[in-house]
Amino acid sequence: MAKILLVDDELTMVQMVTEVLRAEGHEVFPFTNMNGVTEALTGMRPDLVITDLYLDKTKPHGLEIVRKARALNPPAVVVMITGFGTVESAVEAMRMGAFDYLEKPFKLDELKLCISRALSYTAALQENVQLKQELKRQNGFSRIIGAGESMQAVFRMVERVAVTDATVLILGESGTGKELVARALHYNSHRGAKPFVPINCSALPENLLESELFGHRKGAFTGAVNDKEGLFHDADGGTIFLDEIGTMPAQLQSRLLRVLQEKEVRRVGDTVAQQVDVRVLAATNECLENLVQSGKFREDLYYRLNVVPITLPPLRERREDIGMLVAHFLKLKSAGRTGQPFRVTRRTLATLTAHPWPGNVRELENALERACVLSDGPLLRVADLPPVVQKHAPADDGSEDQQAAELAVPTGTAIGRVAGPSSAAAPVSGHGGASTASGDRPAVPLPASVISLKRFAREQEMAYLNHALAQTQQNKEEAARLLEISLATLYRKLAGDGE
Ligand SMILES: Nc1ncnc2c1ncn2[C@@H]1O[C@H](COP(=O)(O)OP(=O)(O)OP(=O)(O)O)[C@@H](O)[C@H]1O
Ligand SMILES: [Mg+2]
């Protein structure tokens, strides 16, 4: 069974195709215009998108959908339906990444064949995605960069709660890394080998969100043609990540509260509840306290979720991390294109450091990505940055030189926990300098200023324990065996009780 997003302005067409696909056991999300399509691409993560080329006869919205699907949900394949049959539009759609196209009018068999081909293709893609996720899993912590004191405080908290089952509320502006933290919490917990299930609560209308989260019984409402398990069920043994929790409708808030209290879910239309063992992580960029005060968010749920709050500081309040983030993102990008590592000029770095980054780390990442594409060589200049960022460039005295800025080695939690403010830690020119071992983690990361030997040893030990757990897919018995310590000792040390 696949999740299929269907977009066509002809209602009868949508109804017909929906019926056919549902009869084949697929889950179909039909749309007759662009409203909600973008959100659905990210929120529902469809396997397949079937879209009409022209939604209102004026503009080829279908092409926009292909572009968005490629950008927002790359595993999804897109099949374009065209009523015009012009070779150009079909070619354009394929060029933009559509998998196939169907000309109206088409026979049902043609539709079915096309879909089955697209789905076998997506299955292969998904296998690839799973392999990539495996990689991500290995790198849970080290991908989060931040050396300044504010991120260090975050890391200390993240590491302390990762190994627990505590509900965590992750707060912060858009693009500050909330999902990154949620993933790190999951993959570094004992649940790491079980599913991590993210859901954006603002992406779906209330009734869809309800059935998505809790599942439904056949016949519970019009369109519920099959029994369906919800995401809480899918996340059993693992973690559910409720993103943009502040937008959750009141009725669902009550249901969620019940799940948190009783640790069981009842599908829509079901009379019996099922036990689930799911850790809940939630995130929002809104002020939940204000929502509670204005009656939009349940106070009791707020307290339930807010057991451990982790607040991610906006990038403009931790500009000391910008150089390191630049090094981190450029390191990930350098390999592909020129073979040479990308660098930034000193003026570019000064500009990046001065911009207030309302979109935070995501905006910085996108700006660098764009610069890498636009730049005519491996040295990124101010002119390669987005215009809004360029505004913050220091005056050019004509010496925007050939010299690359010196960037500090990207510092994540692996060394972050040791270092105090460590932008001073071994600045090297370029990327991955002598002080790093192969891969992301430094061999023996040294704090910028001398700290007590006891603290240094403790932090190193904790990093190594986490490394052992990551290597053994969080299997504590196996980790203890490899470390040649007892399981009880491992638990004691993980709980920070190592003195
Ligand atoms: N500290 C960091 N180190 C490295 N990369 C980061 C960091 N913070 C964020 N990023 C990157 O920035 C992008 C946005 O991060 P993420 O999706 O976690 O943000 P978010 O807070 O969930 O945003 P939103 O509220 O818009 O959903 C991702 O590509 C992520 O990898
Ligand atoms: Mg997010």
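The values are calculated or read from the model by the stated rules, or taken from the named source; none is laboratory data. The model shown is predicted, which means the values in this text are computed figures rather than measured ones. Here Cβ is always computed from backbone atoms with ideal geometry, including for glycine, and neighbour counts include all displayed protein chains.
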Per the filter on the range 238-262, residues part of a loop (DSSP other than H, G, I, E, B) and either within 16 Å of ligand 1 (Cβ to nearest atom) or exposed (fewer than 14 other Cβ atoms within 10 Å of the Cβ) (or both) are E244, M248
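Conditions (1) in the same structural domain as A182 (by TED's automatic domain parsing); (2) at pLDDT 95 or above; (3) more than 16 Å from ligand 2 (Cβ to nearest atom), marked per residue:
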position: R217; (1), (2), (3): yes, no, yes
position: A220; (1), (2), (3): yes, no, yes
position: V225; (1), (2), (3): yes, no, yes
position: F241; (1), (2), (3): yes, yes, no
position: Q253; (1), (2), (3): yes, yes, yes
position: V259; (1), (2), (3): yes, no, yes
position: E262; (1), (2), (3): yes, no, yes
position: D270; (1), (2), (3): yes, no, yes
position: Q293; (1), (2), (3): yes, yes, yes
Return the residues of the range 219-260 that are touching a residue at least 24 places away in the same chain (Cβ under 8 Å) and basic (K, R); say none if nothing qualifies. K228, R255
Looking for something modelled with pLDDT under 90, outside the structural domain of N226 (by TED's automatic domain parsing) and touching a Cys at 6+ places or on another chain (Cβ under 9 Å) - is there at least one such residue anywhere in the range 80-93? no
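Table: residues versus (1) surrounded by fewer than 18 Cβ atoms within 10 Å (Cβ to Cβ); (2) aliphatic (A, V, I, L, M); (3) at pLDDT 95 or above.
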site: L131; (1), (2), (3): yes, yes, no
site: S142; (1), (2), (3): no, no, no
site: M151; (1), (2), (3): no, yes, no
site: N207; (1), (2), (3): yes, no, no
A careful count of residues in the range 173-211 that are within 15 Å of ligand 1 (Cβ to nearest atom) and in a loop (DSSP other than H, G, I, E, B) gives 8
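Scanning the range 222-237 for residues that are among the hydrophobic types (A, V, I, L, M, F, W, C) and assigned to a helix (DSSP H, G or I), which turns out farthest from A162 (Cα to Cα)?
Ranking the qualifying residues of the range 222-237, first place goes to L231.
Select, from A350, A327, the only residue that is in a helix (DSSP H, G or I) and within 15 Å of ligand 1 (Cβ to nearest atom). Full working, then the answer.
Details: A350 fails: within 15 Å of ligand 1 (Cβ to nearest atom).
The conditions single out A327.
Which one of V181, V280 is under 24 Å from R143 (Cβ atoms), within 16 Å of ligand 2 (Cβ to nearest atom) and modelled with pLDDT under 95?
Working: V280 fails: modelled with pLDDT under 95.
Residue meeting the stated conditions: V181.
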Looking only at the range 191-208, decide whether some residue is touching a helix residue (DSSP H, G or I) at 6+ places or on another chain (Cβ under 9 Å), within 25 Å of A470 (Cβ to Cβ) and of a type in the set (S, T, Y). no
